[in-house]
Structures are given as C-alpha cells and as structure tokens.
Amino acid sequence: MVRIAVIKRDKCNPHECGDFLCKRVCPVNRQGQDCIVTALTEHKAKINEELCIGCGICTIKCPFKAIDIINLPESLKEDPINRFGENGFALYSLPTPVMGKVVGIIGRNGIGKSTAIKILAGVLKPNLGKTKDGKNIEASYDNIINFFKGTETQRFFEKVKAKEIVISYKPQNVDLIPKTTKGKVGQLLKKADQLGKIEEVIDIFELKHILDSDIKDISGGELQRVAIAATIIKKANLYVFDEPTSYLDIKQRLKVSKFIRGMADENTAVLVIEHDLIALDYMTDTIHIMYGKPGSYGVVALPRATKNSINTYLEGFLKDENIRFRDKKIVFDIKSPMEKKKGIELTKWPKLNKKLGKFKLEANEGTIMKKEIVGILGENGIGKTSFVKLLAGVGKPDNCKIEMDIKISYKPQYLNSESDELVMNVLADALKRHKNDVIKPLEILPLLEKQINQLSGGELQRVAIAEALARDCKLVLLDEPSAYLDVEQRLILSKIVSNLAYVRGISILVVDHDLLFLDYLSEKLMVFEGEPAINGVATGPFLMEEGMNKLLKEVKITMRRDEFSGRPRINKKNSVKDREQKNKGKYYYS
Ligand code: SF4
Ligand code: SF4
C-alpha cells in the first residue's frame, strides 16, 4: 500500500493543541520510534511516511484537522512529479500538450490543476517528490525527461529543454491583473501583439468600447476577454487557458469556446482548464480527468477522448484505472414536455418596467408554480439581476407594484466579503435546521471557524448559497450561484437545489451562465433579450425546450443530447445534425 501523510501547515498549531498532541497519541511513537517528530525547519509536526502504519489516530485526535493520512490507489506506482515540501501536497503525473490538439483538464479546485500547468509552463520546476532537510531538490530537465520515459510527456519536455516550446498563458484569476498591470486596454494589447492580430481580436471579443479605459476600471467579463485576447496575440506554440469562461455570459462563452477550438494546428498545442462542461466539451479533443483530495494530493489520469472523458467524469469511475472518485454517478433526466403536469400556482408578477439611468428593463407578466425551478438566461448587462432584485423587493418597478404574499430568500450576485463575523454565526439557523441537506453537502463544516473576510471566492459563494437555501421561505432567488464553484461543486449544488424543491416544496429561480448546470436543474426558462446597457426584455417562463430554442436560435447554435449520459452537447457547425436541427427549427432537444 502506497501511503502519504499530509500536514496542513496553516492549520498545525502545536502551542494550541497541547504541545504536539499527535506525537503522544501515535502508537508508533509510543513504541519508542520517531514516526511523528518536530520538523527541523519550523515548529510544526512532521510525519515519517516510512514508519507510519496508517492507523489514522492522529487525524482523529488533532483538534485542528491538520493531518491527512492517505492510502493511495494501488495503481499509482510512480513517485509524485512534485511535492510541496515534506508532508506537503503531492501531485502525480502531468497533462500532456499535443501539437494539433486542444487538451482539456477537468477536476476539483485544490487538486493541483494550476500547479500542473505551472510546471508545463516552466514557471515551477518540479522536485519529483524529493526534499532534503525540509527543502525542495529541484529536478533537472534530464531527470524529468527520464521520469516520463516512453511517453508523450517525455517528448514534450525534450522540446522544453531544447527551448522549442514558447508558452502564452492566461492566468486563472483575472481580477488580480489590475494589481500587476497598469495602463489603458488599447495600449496594453498593442504591446502584447506579436502576431499582428490585434484588430481581429478586438473585433471578435468586442473590445472596441473599452480600448481607452484603464485596465483597473473594466468589469470582470471585460477583464477576462482582454486577458484572452492578450494571450492569443502573443507568438507561441503552446497556449494555456486557465478557466477562460468565468465572468462571461452565454454568448461570450460560446464565442471564446469557438475561437479556442480553432487555435490548434500541427505547430500549435492548446491546454484548457475549465469548469463549464458544455464549453469544455465544445473546445477540446481530449481531456485529462484529475482526481484526489483537495489540498492533499492530485492525480492526472491518462487522456481520454472528450466525450468519453466527460461521461466518465459524470460516472465518477475510472474504469481503466479501477478508481472510483465519487460514490454516486450524475445522471441527466431527459425531460419530456408532454409529461409535464400543470402544477399549482405559487405567485406571479405583472408586466413591469424599470429605468435605471440609460438602461430600460421590461418584463412580461409571469407565473411561478409550486416546487418549480426556473432558470434565467441572457447576456451580461441586460437586466437579469435588476429583475431578480425587483422580485426580491430590492427596489420597485416604475409602472406597478409587485405583490407577492410569500416569504422570499435572495442570494445576490455580488457577495459582501468585508464582514469579520464567523461563518458559524452567520449560519447558526442553517446549522440547526439544514445540516444534512445543505451544510454537509456544500462542505461548509470545515469553514465554520473562519471569518467571512477570510474566505476564498468559492467558499464565500457556498456560505451565501447555504444561507439563502436554509431560510424559511417559499421562493428562493439565486443570482449566479455557480460563479467560483468548481465542476464538482456545481453538480452537487444542482442536486441539493433539486432535492430542496422536491422535498421542501419550495420554488427556485436561478440566474446563471452555465448551460449544463441550468439544463440539469431547470424545468422552465426565462430568456432575456435586448442590447447590453441599453435595454432588456424578459419573457417566459417557457418550457425548457421553448426557452432554449429561443436562446440558441439567437446565438445560431444547435444542441443534441449525449446518448449515454443525457447531457446536452453543442453540435459542430454545419455538421449533419446541426443542419438537420436548424432546418427543423429544433435548436435544442429537451
Ligand atoms: Fe498539534 Fe495537530 Fe499540529 Fe499535531 S498536527 S502538532 S496535533 S496541531
Ligand atoms: Fe502515527 Fe501514522 Fe497512526 Fe498517525 S496514522 S498516529 S502518524 S501511525
């Protein structure tokens, strides 16, 4: 059995646990051997993996949950490609860029995706798991080439060593860009333009109106598009995109996916990390699934063809490796509109309009049924959030009153991260009443002792969702709940929301840009159309097929259902299916 011990240094606090409690409870230590000792370089625990018998007592006794003892899958024979110090996060294997192909990476946050990319990009020199006296021993390129002998990755690193690989990299956190880059968007793009493609990308990614804006003044979606454009116009033969669709609306996601898909040629490789499965499906030729335990270890599985890889991911089982990484598979119900029952009305709103500065919002009258989940789709800046706020009672329409005589719970799009309140206080009610159906599946228990202002974007999102779902109400309004969540958390959230509607009988309205997430969740759809920042018109709720048809027709894309998993997939432009569906006016199959 291959075993690793991981100590989370930020959590290990020997002063507060009773002076190395773990040393005293370890049965190997008690027999006089030094299994758990004090690290040489810092006042923290260190575990000798050779002596550890894997009893797990220290993991239970440590009051700060600072220790993870992991029995690795039998099939994992090789050493890690990198270990962040002794008892640190271990990464096994790497994804392989291939000339002429777009290769995707899919997996949870904290599982080493960005580390893997940094190694490939030459930003991080791996240590092949070797450390001495608590310090990393960087591997030479010859060692790395030898490590991957007989694989595509060997050939890749031979090229890296020969300096034949030039990388252009779009980082994950675009919101950090203004902290390191200063200046006007147009000037910055001009500086990056090594291929003379600046005019083309400005046009494709609709950047003309922000060329004179300072980079610090543009929105998240605009920053993302500028970062992608800057990556594309650099001269490179490996283009790496870390989460290219976050902050983008559905139209922009499709545009970016289409562009990235077309980038690979015989001299160019493309690598993409993405949590939006429809976008990832559309962009890539093959995908590496990454599994493991966030914060402790991550394994890069061999690449599979895209369709097979996403279906395998939903199954939660890697057949060739004989590894189950999720206990349940995710199944998409094929919804038939013919089978829909009429339902009982919960509430309705009148035809309404609202002027916000120069922007004008109009919404047709609409109804929500009991236990119904309604998705809301549309471009950014077209009034979705303003509409949801009006329903939540944050502001009033100009022409009428919304009279909803029911309790409403609302999760806004932008979350307040300033508070120093503890998570356990914010969620005190939720902990009492919804520990099993909300708190546990959203993995909030490890966050309870943190302050709100210490949470990451994804953690804050999960806390805000839990707070909204746990309130006593008849209608929940969720504005962009999938933002900052990884693919696994999105799938889990869909399940929680569906169960809540079914078991507690509440209705839920969800604004989001992730089509697969909405397809999995929603029974009906509202569609917003218009011109961003000028006007927006809301129609629906429609049955899913009708709503999706409306949206997909506008973006000129058709979707079919995967025959194995039931998930929706985008048809290749001008493929037989694409032409057939367009001719029939059936852009989407429900
Ligand atoms: Fe104390 Fe836990 Fe650190 Fe061991 S791992 S020293 S029990 S805080
Ligand atoms: Fe000691 Fe290993 Fe048991 Fe922890 S799991 S108490 S380190 S033998």
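Computed from the coordinates by the stated procedures, all read-outs in this text should not be read as laboratory data. Bear in mind that the values here come from a model prediction, so they are computed numbers and not experimental data. Methodologically, a virtual Cβ is constructed for each residue, glycine included, from the backbone with ideal geometry; neighbour enumeration extends over all protein chains shown.
For the chain, Cys12, Cys17, Cys26, Cys35, Cys52, Cys55, Cys62, Cys400, Cys473 stand unpaired, since no other cysteine beta carbon lies under 4.7 Å from theirs. In a simple Cβ point-charge model (Lys, Arg +1; Asp, Glu -1; nothing else charged), segment 346-542 has a dipole of about 700 debye relative to its Cα centre.
Expressed as a whole percent, the proportion of Cα-Cα pairs in the chain lying more than 31 Å apart is 55%.
Need one word for segment 174-234: rounded, prolate or oblate. Basis is the Cα gyration tensor (sqrt eigenvalues a ≥ b ≥ c); a/c below 1.5 gives rounded, then a/b vs b/c decides. Prolate, because a/c is 1.5 or more and a/b exceeds b/c. Among the trypsin sites (Lys or Arg not before Pro) in segment 115-172, those located in a DSSP loop and surrounded by at most 11 other Cβ atoms within 10 Å of their own Cβ are Lys149, Lys163. Estimated at 0.36 nm per residue, the fully extended path between Asp212 and Asn71 surpasses their Cα-Cα distance by 45.3 nm. With the dipole of the chain worked out from charges on the C-beta (+1 for Lys and Arg, -1 for Asp and Glu) around the Cα centre, which of Asn571, Ile444, Gly395 lies farthest toward the positive end? Selected residue: Asn571.
Rounded if a/c is under 1.5, else prolate if a/b beats b/c, else oblate: with a ≥ b ≥ c from the C-alpha gyration tensor eigenvalues square-rooted, which is segment 1-130? Since a/c reaches 1.5 and a/b is larger than b/c, the shape of segment 1-130 is classed as prolate.
Greater than 20 Å separation of Cα atoms is the criterion. Which listed pairs, Lys235/Lys573; Lys118/Lys234; Lys197/Lys553; Lys118/Lys170; Lys65/Lys328, meet it? Cα-Cα > 20 Å for Lys235/Lys573; Lys197/Lys553; Lys65/Lys328; rest within. Judged by the gyration tensor of its Cα atoms, with axes a ≥ b ≥ c, segment 2-72 is rounded; a/c sits under the 1.5 cut.
Nothing charged except the Cβ atoms of Lys and Arg (+1) and of Asp and Glu (-1): what's the magnitude of the dipole of the chain about its Cα centre? Round to the nearest 20 debye.
Magnitude of the dipole: close to 660 debye.
Straight-line cross-link reach from Lys582 at under 17 Å between alpha-carbon atoms covers these aspartates and glutamates, not counting any fewer than eight positions away in the same chain: Glu545, Glu546, Glu554.
Extension gain for the segment Ala533 to Lys184, taken as residue separation times 0.36 nm less the Cα-Cα distance, is 123.5 nm to one decimal.
The angle between the Cα long axis of helix 152-161 and the longest principal axis of the Cα atoms of the chain comes to about 80 degrees, rounded to the nearest 10. Extension gain, Leu445 to Asn416: 0.36 nm times the residue separation minus the Cα-Cα distance gives 8.4 nm. The convex hull drawn around the Cα atoms of segment 346-542, when projected onto a plane and averaged over every direction, covers 10.4 nm².
Inter-label distance, Thr41 to Arg504: 4.6 nm, where each label sits 7 Å from its Cα along the C-beta direction.
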